[in-house]
Amino acid sequence: MVCRHSGYHKWVLPKGLIDPGEKAEQTAVREVAEECGIKTKIIAKIPDPEKYIYTMNGVKIFKLVQYFLMEYVSGDIKNHDFEMEAVEWLSYDAALSRLNFHGAKKVLEKANQLLEEKAAQPRLI
């Protein structure tokens, strides 16, 4: 699932700031619900948080973003909030080509690798 941000009109992964008293996992589930209109549950933490520096009002800001692999539980992406102008379910390849930022593409690649590893694990019957 990818989102087109209302502020800068780029395709991104949902994310947000941690509220006081929240854990990163709680933030991730809350932000996906708010921004994308769906409830999810976390399957795994995606390794190696995304790190980048940007400048705002002449000040350099270091940002660290922890992403999680999630499973859809309920809801409809049509109910996304104002932060996103669009939310779409896409195949891995389509999402990879749609995302506008290199860092988000790397996160998606790591998520796909996690899914492939989970699929390769033996299961008890």
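So the values come out like this:
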item: Hits in the stretch 42-57 - residues which are buried (at least 16 other Cβ atoms within 10 Å of the Cβ) and of a type outside the set (A, V, I, L, M, F, W, C); result: Glu50
item: Every pair of residues 6+ apart whose Cβ atoms lie under 6 Å, when the first sits in the stretch 57-68 and is under 16 Å from Lys15 (Cα atoms) while the second is acidic (Asp, Glu); result: Val65/Glu50
item: Close pairs from the stretch 101-125: first without any contact (Cβ under 8 Å) to a residue 40 or more places away in the chain, partner of a type in the set (A, V, I, L, M, F, W, C) and in a loop (DSSP other than H, G, I, E, B), Cβ under 9 Å, at least 6 apart; result: Lys105/Leu99
item: Residues being buried (at least 16 other Cβ atoms within 10 Å of the Cβ), in a loop (DSSP other than H, G, I, E, B) and in contact (Cβ under 8 Å) with a residue 60 or more places away in the chain - total across the stretch 3-36; result: 2
item: Subset tally (residues that are assigned to a helix (DSSP H, G or I), of a type in the set (Asp, Glu) and surrounded by 11 or more Cβ atoms within 10 Å (Cβ to Cβ)) for the stretch 66-125; result: 1
item: Residue within the stretch 70-83 that is within 11 Å of Val12 (Cβ to Cβ), of a type outside the set (S, T, N, Q) and in contact (Cβ under 8 Å) with a residue 60 or more places away in the chain present; result: yes
item: Leu64 being aliphatic (A, V, I, L, M), in contact with a Pro (Cβ under 8 Å, 6 or more places away or on another chain) and more than 20 Å from Gly7 (Cβ to Cβ); result: yes
item: Single residue of Lys39, Lys60 found to be part of a strand (DSSP E or B) and either under 12 Å from the mean Cα position of the chain (by Cα) or surrounded by 12 or more Cβ atoms within 10 Å (Cβ to Cβ) (or both); result: Lys39
item: Close pairs (7 angstrom Cβ cut-off, 6 or more residues apart or separate chains): hydroxyl-bearing (Ser, Thr, Tyr) in the stretch 38-54, outside any strand (DSSP E or B) anywhere; result: Thr40/Val29; Thr40/Val32; Tyr52/Gly103
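Here is a yes/no grid of residues against (1) within 23 Å of Leu114 (Cα to Cα); (2) in contact with a Cys (Cβ under 8 Å, 6 or more places away or on another chain); (3) among the hydrophobic types (A, V, I, L, M, F, W, C):
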| residue | (1), (2), (3) |
| --- | --- |
| Tyr8 | no, no, no |
| Lys15 | yes, no, no |
| Gly21 | no, no, no |
| Ala24 | yes, no, yes |
| Ala28 | yes, no, yes |
| Thr40 | yes, no, no |
| Thr55 | no, no, no |
| Ala95 | yes, no, yes |
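Read-outs: derived from the displayed coordinates by stated rules, not from any lab. Fair warning: this is a prediction, and the values are worked out from it, not measured in the lab. Every residue, glycine among them, receives a Cβ derived from its backbone with ideal geometry; neighbour counts consider all protein chains shown.
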